[in-house]
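The structure under discussion appears below in the form of structure tokens.
The values are calculated or read from the model by the stated rules, or taken from the named source; none is laboratory data. All values derive from a computational prediction rather than experimental measurement. Backbone-built Cβ (ideal geometry, glycine too); neighbour counts: all protein chains shown. For accessibility, only protein heavy atoms count, side chains too; no ligands or nucleic acids. Shrake-Rupley method; radii C 1.70, N 1.55, O 1.52, S 1.80 Å.
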Amino acid sequence: LDARGRTEASLPEAAAAPEAAEPAGRSMRLLLVEDEPLIAMAASDMIGELGHEVVEAATAKAALQELDRQRFDCILLDLGLPDGRGDDLAETILSRWPEQRIVIVSGYDPDAVSHLQQISERILFLK
């Protein structure tokens with residue numbers, strides 16, 4: 001019995017424990033380029049719970065090494081990296097892999113990187 005005297009069977013369905021979300025569509029392989037460990041961990045966990053595979057890289061150099069080893073459906077890219085600027089990394093990636101999709105996830109002003117969208121339609125900016 002609960003605090004109101006109801007049995008578990010009489011609880012409304014909305015009160016039942018939520019089930020894990022089933023991934024919609026196919027699973028994706030994502031490269032997360034983020035140097036802040038807590039942000040990277042939280043993002044990886046959330047994306048993984050949605051059924052996608054996440055590979056983390058904390059630097060521009062590590063991201064390029066991962067891209068040399070394997071292909072990704074999309075790259076989630078922070079702009080502030082310890083060994084370079086994320087917009088420079090995006091340009092390097094697109095020069096080597098022109099079909100690569102990139103989502104820039106950053107608190108930076110979108111106008112500061114608007115030149116990237118002129119380079120490729122494959123770049124999306126999320127603030």
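Using r as the Cβ-Cβ distance of Met28 and Glu99, and R0 as 22 Å, what FRET efficiency do you calculate, to the nearest 0.05? Show your work: numbers first, answer last.
Numbers: r = 15 Å, r/R0 = 0.68.
Step by step, r from the Cβ atoms, then E = 0.90.
Collect residues whose amide H, placed 1.01 Å from N in the peptide plane, falls under 5 Å from the amide H of Leu76; neighbours closer than 5 in sequence don't count.
For Leu76, whose amide H was placed from the backbone, the distant partners under 5 Å are Leu31, Leu32, Val33, Val103.
Taking only protein heavy atoms and a 1.4 Å probe, what accessible area per residue, in Å², does the range 22-63 have with all protein chains in place?
60
State the extension gain, in nm to one decimal, for the chain segment bounded by Arg69 and Ile39, taking 0.36 nm per residue of separation less the distance between their alpha-carbons.
Working: separation 30, 0.36 × 30 = 10.80 nm, distance 2.41 nm.
Extra length available between Arg69 and Ile39 comes to 8.4 nm.
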